[in-house]
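What follows is one structure encoded as structure tokens, with my remarks underneath.
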Amino acid sequence: MYLKYVLIVFLGISVACCADKGDSGNVGELSSENFKVEVGGESVFVYQARVSKYPINQNWPGYQRPLEQTEIASFASFDYEAGKTVRITTEQKIESCDIRPKEFGIIPEVKGNTIEFVVTNPCQFVVEVNGHHKALHLFVNPKEQIQVDKEDSRIHYYGPGVHEAGVINVKSDETVYIDEGAIVYGVIRSENTSNIKVIGKGILDASRIARGAAPHMISLHKVRNAYIGGIILRDAHEWGVVPSCCDQITFDNIKLIGFWRYNSDGIDIVNSNNIVIKNSFIRAFDDNIAIKGLQWAYEEQQTIKGIRVDNCVLWNDWGKIFEFGAETVADTIQDVVISNCYVPHFTMVAMDMQNGDRGHIENVVFNNISIEEPIRERAMLGNTPMDTKDWGRAISLGIYGTQWSSDATRGSIDNIQFRNIRCTGSSFSCIELKGYDEKHQVSNVYIKDYFVNGTKITGDEDVQKNNFVTNVVWE
């Protein structure tokens, strides 16, 4: 998170209020003005989502981001069926079409104002027509039938249609089921509970939640054994999903889209253990996935460990893709594996550690990470244009105090592995490694098979480091 987390009331803006044409179907809002989608000849509803247009940010000014810094993107969600052709129609002249992540190998066939291709497995990806602005995000789900008893008192069921839910409080052994075709305006909160689920293929939308009216879109505190799967989260009012002081939480096939407001991180793991994020898509304005140690949470949980992120697609419009910190109030942050992830776009840093407190960050593996095109267009902090020469950095490991630091002492970074990292795009910045002093160093960094535009980097000539970095090994 680049900006300090501050609570203040803000009246949310629904994207449905911003459109002036389109087919509403039966879903309670207008469809995309820019795209129509068919799968196997059958029409699929295309939703709208407000996203950040440019990487412009500032310390909380007491009001929300101006809408001229944003734009309306599109998304559609459907079940995978082998062999079926996806057909996209747009009114704009197609001068270029990219499907990202490019490593998915989905090749579009452009015919006039239509785009066709076949998807070979469940996945999430982005279709960009004439550049990354106003993109179409497609979420292809595993075909599965979930049976729920709608009359069960332990199930919060939201069927197709629009629901003004407000704050949904979830108790132990309860399930929130957001069915396909449902749009639930509200947030979910659970505290001191166990064995909960949030499932379905519908949309949880926080656009009508005021900043400060509820902690997060999904707020889990001291929860043990939770499963959050399948749903779409749109327009977070602050941090999106936050497990704090939790254990054994799984996020599977969730999709985060339409994050544009200040401080709208994707998933922030706060002083928690055994967290799994897999098969998911996150496009956030601020940091995508952050691992944090916060002072207030340290009293409940002193260590952070057992974090797994696998098979995710991540795009951020400001900040970092993977962020350790900047708050690191924990004795240790360890045993973290991030693997098989794809980054269509990012801004500052893809894999980042800002160790600003006491935390000893150790035993972390990044494996099989594909990083594509950095975004630098019109970057500003407040009204001041930013120098973006250091943006587009794949790796940055640093120990230093920040404005978010709570501790007077510093920690360390040790035994960090990067394996099979592929950067493909324009103007990637060099790797940055910076320790704090002789007692608080960055040490034992192992880099194997690191490529920039097909060229393997094999030595420290592509590394910017200070005197408090030891034992950087290339292979």
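Regarding the range 207-217, can at least one residue be identified that is within 26 Å of ARG65 (Cβ to Cβ) and hydroxyl-bearing (Ser, Thr, Tyr)? Within the range 207-217, one or more residues are within 26 Å of ARG65 (Cβ to Cβ) and hydroxyl-bearing (Ser, Thr, Tyr). Hey, can you tell me all the residues within the range 357-397 that are within 22 Å of LEU314 (Cβ to Cβ), of a type in the set (Ser, Thr, Tyr) and not in a loop (DSSP other than H, G, I, E, B)? SER370, SER396, listed by residue number. With respect to the conditions (1) within 30 Å of ILE106 (Cα to Cα); (2) within 21 Å of the chain's Cα centre (by Cα); (3) not in a loop (DSSP other than H, G, I, E, B), PHE117 lacks only one, and its number is (2). Filter the range 315-332 for residues that are charged (D, E, K, R) and part of a strand (DSSP E or B); which is nearest to ILE416 (Cα to Cα)? Within the range 315-332, the match that is nearest to ILE416 (Cα to Cα) is GLU323.
Among the residues making up the range 309-339, those that are closer than 19 Å to ASN59 by Cβ and not small (Gly, Ala, Ser) are ASN316, ASP317, TRP318, LYS320, GLU323, GLU327. Applying a threshold of 8 Å to beta carbon distances and a minimum spacing of six or more residues, or different chains, the list of pairs starting in the range 416-431 at a residue that is without any contact (Cβ under 8 Å) to a residue 40 or more places away in the chain and closer than 26 Å to ILE333 by Cβ and ending at one that is buried (at least 16 other Cβ atoms within 10 Å of the Cβ) and acidic (Asp, Glu) reads CYS430/ASP462; ILE431/ASP462. Exactly one residue among ASP287, ASP352, ASP335 is modelled with pLDDT of 95 or more and outside any strand (DSSP E or B), and that residue is ASP287. Taken as a whole, the structure leaves ASN467 outside the set of residues that are part of a strand (DSSP E or B), out of contact with any helix residue (DSSP H, G or I) (no Cβ under 9 Å at 6 or more places or on another chain) and exposed (fewer than 14 other Cβ atoms within 10 Å of the Cβ).
No other residue among ILE232, ILE277, ILE203 is modelled with pLDDT of 95 or more and in contact with a Gly (Cβ under 8 Å, 6 or more places away or on another chain) apart from ILE232. Which of the following residues is at pLDDT below 95, of a type outside the set (D, E, K, R) and either under 21 Å from ILE56 (Cβ atoms) or in contact with a strand residue (DSSP E or B) (Cβ under 6 Å, 6 or more places away or on another chain) (or both): CYS430, CYS423? None of the other options fit; the residue is CYS430. The set of residues from the range 382-402 being of a type outside the set (A, V, I, L, M) and under 20 Å from the mean Cα position of the chain (by Cα) comprises TRP391, GLY392, ARG393, SER396. Just wondering, is there one or more residues in the range 212-230 that are more than 25 Å from ASP247 (Cα to Cα), out of contact with any helix residue (DSSP H, G or I) (no Cβ under 8 Å at 6 or more places or on another chain), assigned to a loop (DSSP other than H, G, I, E, B) and touching a residue at least 12 places away in the same chain (Cβ under 8 Å)? For the range 212-230, residues more than 25 Å from ASP247 (Cα to Cα), out of contact with any helix residue (DSSP H, G or I) (no Cβ under 8 Å at 6 or more places or on another chain), assigned to a loop (DSSP other than H, G, I, E, B) and touching a residue at least 12 places away in the same chain (Cβ under 8 Å): present.
The residue of the range 235-270 that is farthest from ILE338 (Cα to Cα), among those that are part of a loop (DSSP other than H, G, I, E, B) and touching a Pro at 6+ places or on another chain (Cβ under 9 Å), is TYR262.
Residues that are surrounded by fewer than 18 Cβ atoms within 10 Å (Cβ to Cβ), touching a Gly at 6+ places or on another chain (Cβ under 8 Å) and outside the structural domain of ALA76 (by the TED database): does the range 136-148 have at least one?
First, the residues of the range 136-148 that are surrounded by fewer than 18 Cβ atoms within 10 Å (Cβ to Cβ): 142-148.
Then keep just the ones that are touching a Gly at 6+ places or on another chain (Cβ under 8 Å); that gives 146.
Cutting the leftovers down to outside the structural domain of ALA76 (by the TED database) gives us 146.
Within the range 136-148 (the criterion being surrounded by fewer than 18 Cβ atoms within 10 Å (Cβ to Cβ), touching a Gly at 6+ places or on another chain (Cβ under 8 Å) and outside the structural domain of ALA76 (by the TED database)), the answer is yes, since at least one residue qualifies.
The values are calculated or read from the model by the stated rules, or taken from the named source; none is laboratory data. No experiment lies behind these values; they were computed from the predicted model shown. Cβ atoms come from the backbone with ideal geometry, glycine included; neighbour counts cover every protein chain shown.
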